[in-house]
Amino acid sequence: MAYKIPRGTQDILPGDSEKWQWIETIAKETCKAYQYREIRTPMFEHTDLFTRGVGESTDIVQKEMYTFDDRKGRSLTLRPEGTASVARAFVENKLYANPVQPTKLYYIGPMFRYERPQTGRYRQFYQFGIEAIGINDPAIDAEVISLALSIYKKAGLKNIKLVINSLGDKDSRAAHKEALIRHFEPRIDEFCGDCQKRLHTNPLRILDCKQDRDHELMGTAPSIQDYLNEESKEYFNKLLTYLSDLDIPYTVDPNLVRGLDYYNHTAFEIMSDAEGFGAITTLAGGGRYNGLVEEVGGPEAPGIGFAMSIERLLAALDAEQIEPPVTNETDCFIAALGDKARDAAVRLLAQLRAEGISSEIDYENKKLKGQFKAAERRSAKFIAILGENELNEQKINVKDTETGEQLEIKLDEFVRFMKANITGA
Ligand code: HAM
């Protein structure tokens, strides 16, 4: 029986895994500069957390969760996103009691959604995300957006754009919701079944429907911008001023609706407009979620964050033909001839590795020619040749494969020599 990987998941093999590590390093270093610290939450949570947190009427909760009963009959769900878990952890661990606020956290890990797989969309995907919880200030919204963009910039992407909207506060949203219901209700039977269901629960999501996107009522739907109250408008305008101050270009799109229920005020997406990038162009999405922490049983603690998938960042790099600067070269390959030399090589190998010099020997009893071939296959920077004669004379031959230069080194100076050549130490 040959097993196949489940649909919508991938193996990340050596050659690619280095690219992932490179992105993760960029993300972690950026978080350090912005003072976000890592949080690791479980891969599964009680199902209720997502039903309440992400929202009963969202596609995620309605049709995309991997939900199962454990052996005691408790309903658990593989996390479809990170924000609800972080909000839970913030409350459960009383992070709100820390005098240093906002609480700034980041996470990297797999998320699970039962979606139709296609390029850029998987059932298990890796999100890097951040959350800043505890303070309502447009400067933090600008910081979160700036952090996201600076990761793409460091990775080398050029063709990205920021789309932003304000969903307003509770009152603005309620007024807009009513206006949307009034707008769509008379002709709702011309819309798909999902939209009909959404009309009273979540009419904002109708604007996001792929199936009905060309219906004439879409273009004329009331815009949230016309329903923002003074406070919400002021908040949004202040954020836009900060973005301009930071030289961050943006497009305001009053139709930008995010697929999760917890958002209010700021909502944003970062898209790729690289030519040849597939149908899914959203690289990252995020927004403000004042009220979520209370929803999951905590005190009032406004929050904002975003998440991006590493899969889509890699796809965007591909579309822009950017090759991540990763290699897996061997610093030194020791070619040994004869049993005694081979035993000495095993000891030298351990010493090199202890100094952090990536090194290898042959495990297949190959002749010298075969060992050279093996060294070449690994793109070894140096080949050290150790035979019985060299061993008797306590020497080793070291060849720099780039310059072709060959040197005879005293055996007890070999590790120091390699260290100096590889690390410059
Ligand atoms: P989201 O828009 O559902 O938001 O997902 C954020 C990002 O995760 C997307 O822009 C995309 O890069 C990636 N993503 C989502 N689904 C898939 C998939 N099936 N395959 C590959 N990548 C995917 C959230 O998850 C929010 N928790 C973001 C957030 C954090 N808002 C506030 N804080």
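The figures follow:
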item	result
Volume per residue of the C-alpha convex hull in the chain, rounded to whole Å³	214 Å³
Kyte-Doolittle mean at least -0.5, axial Cα span of 18 Å or more - DSSP H helices of the chain	138-155, 339-354
Where the chain is the region considered: accessible area per residue in Å², 1.4 Å probe	53 Å²
Sequence-distant aspartates and glutamates (8 or more away, or on other chains) whose Cα lies within less than 16 Å of residue 161	247, 253, 269, 273, 275, 320
Length released on extending from residue 7 to residue 98, taking residue separation times 0.36 nm less the Cα-Cα span	28.5 nm
Phi to ³J(HN,Hα) by Karplus 6.51 cos²θ - 1.76 cosθ + 1.60 over the range 121-128, Hz, x for Gly, Pro	10, 10, 8, 10, 9, 9, 9, 9
Loop trypsin sites (Lys or Arg not before Pro), the range 115-219 (other Cβ atoms within 10 Å of the site Cβ: 13 or fewer; DSSP)	158, 210, 213
Kirkwood Rh in Å, taken over the range 230-327 so that all alpha-carbon pairs contribute	15.8 Å
Reachable lysines from residue 366, criterion Cα separation under 21 angstrom, eight or more residues apart if same chain	340, 381, 399
Under 5 Å, built H, 5+ apart or other chain: amide partners of residue 44	79
Label point at residue 226 placed 7 Å out along Cα→Cβ; residues across the range 189-214 whose backbone nitrogen lies under 16 Å	204, 207
Shape category assigned to the range 29-186 from the gyration tensor of Cα positions, a/c cut at 1.5	rounded
Karplus (6.51, -1.76, 1.60) ³J(HN,Hα), θ = phi - 60°, over the range 95-105, in Hz, Gly and Pro reported as x	5, 5, 7, 5, x, 8, 10, x, 7, 10, 10
Qualifying GluC sites (Glu not before Pro) for the range 369-410 [loop in DSSP, other Cβ within 10 Å: at most 14]	393, 402, 405
Proximal charge balance of residue 425 [Cβ under 11 Å; K/R count +1, D/E count -1]	+1
Exposed chymotrypsin sites (Phe, Trp or Tyr not before Pro) absent: longest stretch of the chain, with sites in DSSP loops and at most 14 other Cβ within 10 Å deemed exposed	4-362
Using distinct alpha-carbon pairs, which all enter the 1/r mean, Kirkwood radius of the range 332-420 in Å	12.7 Å
Share of carbon and sulfur in the accessible heavy-atom surface of the range 332-420 [1.4 Å probe, %]	46 percent
In the range 1-73, trypsin sites (Lys or Arg not before Pro) in a DSSP loop with at most 12 other beta-carbon atoms within 10 Å	4, 7, 40, 71, 72
Dipole axis of the chain (+1 Lys, Arg; -1 Asp, Glu on Cβ), positive-most option in 99, 180, 423	423
Given charges at Cβ of Lys, Arg, Asp, Glu: the chain dipole, positive-most of 249, 414, 286	414
Label zone at residue 67 (point 7 Å along Cα-to-Cβ), backbone N below 16 Å, the range 89-132	112-115
Members of 4/28; 170/233; 158/238; 170/210 lying beyond 22 Å, as alpha-carbon distances in this model show	4/28; 158/238; 170/210
Given charges at beta-carbon only (K, R positive; D, E negative), |dipole| of the range 1-74 in Debye	160 debye
Within the range 360-381, backbone nitrogen closer than 16 Å to the virtual label 7 Å beyond the Cα of residue 407 toward Cβ	381
Sequence-distant aspartates and glutamates (8 or more away, or on other chains) whose Cα lies within less than 12 Å of residue 63	115, 194
Assigned charges on the beta-carbon of Lys, Arg, Asp, Glu; the range 332-420 dipole about Cα centre (debye)	260 debye
Size of charge dipole - the chain - debye, nearest 20, with Cβ of Lys, Arg +1 and Asp, Glu -1, no other charges	1060 debye
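The values are calculated or read from the model by the stated rules, or taken from the named source; none is laboratory data. Computed from a predicted model, the values in this text were never measured in an experiment. Every residue, glycine among them, receives a Cβ derived from its backbone with ideal geometry; neighbour counts consider all protein chains shown. Accessible surface is based on the protein model in full, side chains and every heavy atom, while ligands, DNA and RNA are left aside. Shrake-Rupley method; radii C 1.70, N 1.55, O 1.52, S 1.80 Å.
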